[in-house]
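First the structure, in the form of structure tokens, and then the observations on it.
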């Protein structure tokens with residue numbers, strides 16, 4: 001039968017989306033799993049939807065108050081019965097063989113803390129792509145793999161929580177940080193792999209439908225630069241090269257030039273003095289800083 005996998009799905013006031021996510025887990029060809037849906041704060045509508053599933057595999061929890069997706073994930077992990085944890089965001093879906101293929105890899109690994117990822121079909125609203133575009137190179141720094149992109153388009157080094165399966169013990173030793181409001185997936189995987197003994201492995205197939213629609217409201221794509229800037233400034237696990245790309249592609253696009261002269265000058269100074277600037281990062285930084293989301297959206301439609 002295989003080891004028990006607990007699937008943790010954090011959610012917040014999106015009952016129709018979480019219902020779709022649950023359905024994708026119930027269709028898994030790997031049968032030994034439980035689903036723990038954790039609402040970020042009380043939510044009667046979501047509770048009713050989740051409890052309407054007749055499967056004994058589905059359980060519902062609530063955090064006592066709203067504390068963010070990280071707090072919800074941590075609660076689900078603490079209450080999990082499985083030896084393995086697989087994460088799924090409420091707006092994403094799995095292919096039926098996702099757990100089966102990841103657990104097949106897990107069963108043959110001697111490393112105590114394997115983190116097993118898969119590729120994703122990425123729905124950008126304007127087009128669909130398969131990300132990440134390439135696997136990490138041997139000895140490549142993980143922060144550089146994730147953030148150092150070859151051009152203006154995304155996707156060369158995507159790692160998101162809905163891809164991941166890892167031992168429960170690793171998530172207990174390295175919990176999600178509730179203080180992190182953006183880049184939660186990257187924050188966790190950088191800390192987990194830096195903690196020692198953890199090893200990132202891949203099923204190099206797209207087993208996830210990652211819904212990254214351009215117009216969907218979310219914390220990760222909200223147009224304010226401060227949370228991203230704060231996270232990067234306080235993170236010792238970003239190399240100077242990764243920090244350069246991060247400022248160019250994650251911070252600069254979120255700065256609204258009008259009324260933000262002080263922030264613009266501060267970030268530009270930071271980019272020029274604290275990061276490893278190259279021709280490519282300079283081009284990306286000023287291209288993102290000086291164009292509007294509408295212009296970038298029109299450009300992305302063409303690539």
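Each reported figure results from applying straightforward, stated rules to the coordinates on display, with no laboratory input. Just so it is clear, the structure is predicted and the values come from calculations on it, not from any experiment. Here the Cβ positions follow ideal geometry from the backbone for every residue, glycine too, while neighbour counts run over all protein chains shown.
A crude spin-label estimate for the pair residue 55 and residue 230, with each label 7 Å from Cα along the Cβ direction, gives 3.7 nm. Debye sum, Cα scatterers, the range 226-300, no solvent: what log₁₀ I/I(0) at q = 0.11 1/Å? So the normalised log intensities are -0.25. Averaging the Cα positions of each part gives two centres, and for the range 115-169 and the range 30-76 these lie 26 Å apart. Each peptide in 23-31, 256-264, 49-57 receives the mean, over its residues, of other Cβ atoms within 10 Å, and ordering these scores from highest gives 23-31, 49-57, 256-264.
Using the beta-carbon distance between residue 169 and residue 258 and R0 = 35 Å, what value does 1/(1 + (r/R0)^6) give for FRET efficiency, to the nearest 0.05?
Working: r = 49 Å, r/R0 = 1.41.
E between residue 169 and residue 258, to the nearest 0.05, is 0.10.
Treating r as the C-beta distance of residue 31 and residue 127 and R0 as 35 Å, the FRET efficiency rounds to 0.50. For the range 1-149, the Cα gyration tensor yields ellipsoid semi-axes of 27, 19, 16 Å (square root of five times each eigenvalue, largest first, whole Å). Length gained on full extension, residue 111 to residue 266: 51.5 nm, using 0.36 nm per residue less the C-alpha separation. Overall, the ratio between the Cα radius of gyration of the chain and 2.2 N^0.38 Å, rounded to two decimals, is 1.00. Here is the P(r) of the range 84-201: all C-alpha pair distances, binned every 10 Å from 0, give 12, 45, 37, 7, 0 in whole percents. With n ≥ 4 as the cut-off for DSSP H runs, can you work out [θ] at 222 nm for the chain, using -39500 (n - 2.57) per run divided by the number of residues, rounded to the nearest 500? Result for the chain: -10500 deg cm²/dmol, rounded to the nearest 500. Give the percent of DSSP beta bridges with both residues in the chain that are antiparallel, rounded to the nearest 5. The answer is about 25 percent antiparallel. Pairing the Cα long axis of helix 279-290 with the longest principal axis of the chain, what angle in degrees results, from 0 to 90 and rounded to the nearest 10? Helix 279-290 sits roughly 90 degrees off the main axis of the chain.
Quote the relative contact order of the chain in percent (integer), defining contacts as alpha-carbon pairs under 8 Å separated by 6+ residues. RCO, the chain: 18 percent. Distance distribution note for the range 8-58: the fraction of Cα pairs above 13 angstrom is 52%. With the simple spin-label model, which puts each label point 7 Å out from Cα in the Cβ direction, the residue 292 to residue 65 separation comes to 4.0 nm.
Mind checking the full-extension length gain between residue 47 and residue 199? Use 0.36 nm per residue of separation minus the Cα-Cα distance, one decimal, nm.
Values: separation 152, 0.36 × 152 = 54.72 nm, distance 3.59 nm.
Gain in length upon complete extension: 51.1 nm.
Treating r as the C-beta distance of residue 282 and residue 79 and R0 as 51 Å, the FRET efficiency rounds to 0.60.
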